[in-house]
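**Q** What follows is a structure written as structure tokens; I'll ask about it next.
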Amino acid sequence: GNSVTQMEGPVTLSEEAFLTINCTYTATGYPSLFWYVQYPGEGLQLLLKATKADDKGSNKGFEATYRKETTSFHLEKGSVQVSDSAVYFCALSDWDTGNQFYFGTGTSLTVIP
Amino acid sequence: EAGVAQSPRYKIIEKRQSVAFWCNPISGHATLYWYQQILGQGPKLLIQFQNNGVVDDSQLPKDRFSAERLKGVDSTLKIQPAKLEDSAVYLCASSSHRDRASPLHFGNGTRLTVT
């Protein structure tokens, strides 16, 4: 079946630190991969995406590379800011079965000044 | 473009009462999803519509939950009767379903508290 596993949080970093949030997946077909971010009191917002192996998605200084050989899509940012404090969700979509989305459990990030 | 609209933002009810949530997707989006997000967990799919037909409702507790998408646009999710474990945020999302890169666009959700 399809599933997503994320590293557990919470994660606390100092401003300007390097961020990595691990994400691995299991898929029956060839999935598309996404990272969503959820700020307090808001819905999930698309952060970045990748649709095939070795694609790199990037946005707002965040990036993630679709690694088919390790079934991973780790999120990275070189220098985090206080405004990056949020919950981050890794997700995959299975186009071949009607574009169903599967989400990880989320990783809470707190950045302190 | 206008985003996904949901109402109400918050709802508090007693167990065994009924409640309804409303969602208006992004204009032109064929696919609409309802998710349940319990605190500290990822969103769990309840039901997926393609236009006004159901694609997947395998995780919808059909003895108490119902959903409809009349005319393939707005959607309503109902719970009757509510249980304590239904306390969660109910998220509506839509997608153009144009290709495999099509993401979900989420509303801000309805936070339900069942007492």
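The values are calculated or read from the model by the stated rules, or taken from the named source; none is laboratory data. Here the structure is a predicted model, which is why all the values come from computation and not from measurement. Here the Cβ is made from the backbone with ideal geometry for all residues, glycine too, and neighbour counts use every protein chain on show. Please note that ligands, DNA and RNA were not included when accessible areas were found on the heavy atoms of the full protein model with its side chains. Shrake-Rupley method; radii C 1.70, N 1.55, O 1.52, S 1.80 Å.
**Q** Report Rg(Cα)/(2.2 N^0.38 Å) for segment A:1-53, keeping two decimals. Could the numbers behind the result be given before it?
**A** Values: Rg = 13.5 Å, N = 53, 2.2 N^0.38 = 9.9 Å.
Taking N as the residue count of segment A:1-53, the ratio is 1.36.
**Q** Moving to a separate point now. How far apart, in nm, are the 7 Å Cα→Cβ label points at A:Lys60 and A:Thr28?
**A** Each label point lies 7 Å from its Cα, and together they span 3.4 nm.
**Q** Here is a follow-up. What is the log10 of I(q)/I(0) for chain B, computed with the Debye formula using one identical point scatterer on each Cα and no solvent, at q = 0.14, 0.15, 0.20, 0.22 Å⁻¹?
**A** After summing over all Cα pairs, the log10 values are -0.52, -0.60, -1.05, -1.26.
**Q** When you look at the Cβ of every residue in B:41-51, what mean number of other chain Cβ atoms sits within 10 Å? Before the final figure, lay out each step's value.
**A** Values: counts 4, 14, 12, 2, 4, 0, 0, 4, 0, 2, 0.
The mean count of partner-chain Cβ atoms within 10 Å per residue comes to 4.
**Q** To continue, here is another question. Determine the total buried accessible area between chain B and chain A, counting protein heavy atoms only with a 1.4 Å probe; round to the nearest 100 Å².
**A** The B and A chains share an interface burying roughly 1800 Å².
**Q** A further question follows. Taking beta carbons within 10 Å but only from partner chains, what does the mean come to for residues B:102-110?
**A** Counting Cβ atoms of other protein chains within 10 Å of each residue's Cβ and averaging gives 6.
**Q** With unit charges on the beta carbon (Lys/Arg positive, Asp/Glu negative), name the residue among B:Gly42, B:Ser87, B:Pro103 whose Cα is farthest towards the positive pole of the charge dipole of chain B.
**A** With unit charges placed on the Cβ atoms, the residue in question is B:Ser87.
**Q** Counting Lys +1, Arg +1, Asp -1, Glu -1, what net charge surrounds A:Arg67 among other residues with beta carbon under 14 Å of its beta carbon?
**A** -2
**Q** Quick check: pseudo-label points 7 Å beyond the Cα along Cα→Cβ at A:Lys52 and A:Ala17, how many nm apart are they?
**A** Output for this residue pair reads 3.8 nm.
**Q** A further question follows. Between B:Leu70 and A:Ser79, what's the calculated FRET efficiency when r is the beta-carbon distance and R0 is 41 Å? Round to 0.05.
**A** FRET efficiency, B:Leu70 to A:Ser79: 0.25.
**Q** Specify whether the C-alpha gyration tensor of segment A:40-110 places it in the rounded, prolate or oblate class, a ≥ b ≥ c being the square roots of the eigenvalues: rounded for a/c under 1.5, otherwise prolate if a/b is larger than b/c and oblate if not.
**A** Oblate, because a/c is 1.5 or more while a/b does not exceed b/c.
**Q** Right, next: What is the percent carbon and sulfur in the accessible area of chain A, measuring with a 1.4 Å probe over the protein chains and ignoring ligands?
**A** For chain A, the apolar C and S fraction of the accessible surface comes to 49 percent.
**Q** Now for a separate question. Can you check what the net charge comes to around A:Gly98, using other residues whose Cβ is under 13 Å from the Cβ of A:Gly98 (Lys, Arg +1; Asp, Glu -1)?
**A** Local charge sum for A:Gly98: -3.
**Q** To continue, here is another question. Take every residue in peptide B:3-10, count the Cβ atoms of other chains within 10 Å of its Cβ, and give the average of those counts.
**A** Going residue by residue through B:3-10 and averaging, the value is 1.
**Q** Which order do B:Arg16, B:Arg100 take by accessible area at a 1.4 Å probe, largest first?
**A** The ranking, largest first, comes out as B:Arg16, B:Arg100.
**Q** Nearest 0.05, what FRET efficiency do B:Leu39 and B:Gln59 give at R0 = 22 Å with Cβ-Cβ as r? Don't skip to the end; give the middle numbers.
**A** Working: r = 18 Å, r/R0 = 0.83.
Efficiency, rounded to the nearest 0.05: 0.75.
**Q** Moving on to the next point. Enter the accessible area of B:Glu85 (Å², nearest 10), with the probe set to 1.4 Å and all protein chains included.
**A** Accessible area of B:Glu85: about 110 Å².
**Q** Would you work out what percent of the accessible area of segment B:1-106, with all protein chains in place, is carbon or sulfur (probe 1.4 Å)?
**A** Numbers: 2590 of 5320 Å².
Solvent-exposed carbon and sulfur of segment B:1-106 make up 49 percent of the total.
**Q** Leaving ligands, DNA and RNA out of it, rank A:Ser93, A:Ser108 by accessible area with a 1.4 Å probe, largest first. Let's see the in-between values first.
**A** Details: A:Ser93 0, A:Ser108 45 Å².
So, going from the largest accessible area down, we get A:Ser108, A:Ser93.
**Q** Right, another one. So, counting K/R as plus one and D/E as minus one, what does the shell of residues with Cβ under 10 Å around A:Thr28 add up to?
**A** Working: positive: none; negative: A:Asp94, A:Asp96.
Surrounding charge for A:Thr28 is -2.
**Q** Just the accessible area per residue of the protein assembly as shown, please: how many Å² with a 1.4 Å probe?
**A** Result: 47 Å² of accessible area for each residue.
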